[in-house]
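A quick write-up on the structure given underneath.
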Amino acid sequence: MQKRAMEVAAVSHNHPEGIKGAVVTSTCIWMARHDKSRQEIYEYVLEQYPVKDYKYSIGYSLDEMRPRYKWDVSCQGSVPAAMRCFYESTDYESFIRNIYSLPCDSDTFGAIAGGVAEEFYHGFGSVDADKILKEYLTKELLEILEL
């Protein structure tokens, strides 16, 4: 799984930190899918992005990040912060709310940690994803999604 993440990431993120971000993300999704605890996922991400080396390590709470977070396009600036949004969530909706509490690239954060939240919470909870997709996507895009 990690080897595949590296291969896929190399196409668009051919930089050691970009590939690391893809591996961390895919590993966290795997962990959530295999019933690892929120704490186990947190500890793995913290090991990969320790506070002493990363400005937006998962080791910082969202309350600590909010006043100082600046839009960061790098994997090292987005992956651990996105995972913190998951870590402090209680369900899929609170995960999304956590994302919007930071001045970040919200769709990227959702893509990074959304798979972790979906696996961990076994879906989207009360969020009716099908209804939202039908409301906002064109017929052509829905057809592509349904393939």
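Miscellaneous remarks
- For GLU135, the test of being in a helix (DSSP H, G or I), more than 14 Å from the chain's Cα centre (by Cα), modelled with pLDDT under 90 and of a type in the set (Asp, Glu) is passed.
- Note on segment 85-99: among residues that are in contact with a helix residue (DSSP H, G or I) (Cβ under 6 Å, 6 or more places away or on another chain) and without any contact (Cβ under 8 Å) to a residue 40 or more places away in the chain, the one that is farthest from LYS52 (Cα to Cα) is TYR92.
- Positions within segment 69-96 being among the aliphatic types (A, V, I, L, M) and crowded, with 24+ Cβ neighbours inside 10 Å, in sequence order: VAL79, ALA81, ALA82, MET83
- Of all residues making up segment 104-132, the number that are assigned to a helix (DSSP H, G or I), surrounded by 11 or more Cβ atoms within 10 Å (Cβ to Cβ) and not small (Gly, Ala, Ser): 8
- With respect to (1) part of a loop (DSSP other than H, G, I, E, B); (2) among the small types (Gly, Ala, Ser); (3) at pLDDT below 95, the lone exception for ALA22 is condition (1).
- Which numbered condition GLU143 fails, given (1) within 18 Å of CYS28 (Cβ to Cβ); (2) without any contact (Cβ under 8 Å) to a residue 12 or more places away in the chain: (1)
- Some residue of segment 56-63 being over 19 Å from GLU17 (Cβ atoms), free of Cβ contacts under 8 Å to residues at least 60 places away in the same chain, surrounded by fewer than 18 Cβ atoms within 10 Å (Cβ to Cβ) and among the polar types (S, T, N, Q): yes
- Flag if LYS70 is in contact with a helix residue (DSSP H, G or I) (Cβ under 9 Å, 6 or more places away or on another chain) and either assigned to a loop (DSSP other than H, G, I, E, B) or at pLDDT 95 or above (or both): yes
- Cβ-Cβ distances below 9 Å connect the following pairs, each with a first residue in segment 119-133 that is in contact (Cβ under 8 Å) with a residue 24 or more places away in the chain, a second residue that is among the basic types (Lys, Arg), and a separation of six or more residues or different chains: GLU119/ARG33; PHE120/ARG33; PHE120/LYS36; PHE120/ARG38.
The values are calculated or read from the model by the stated rules, or taken from the named source; none is laboratory data. Predicted, not measured: the structure shown is a model, and the values here were computed from it. So basically every Cβ, Gly included, is an ideal-geometry build from the backbone, and we count neighbours across all protein chains shown.
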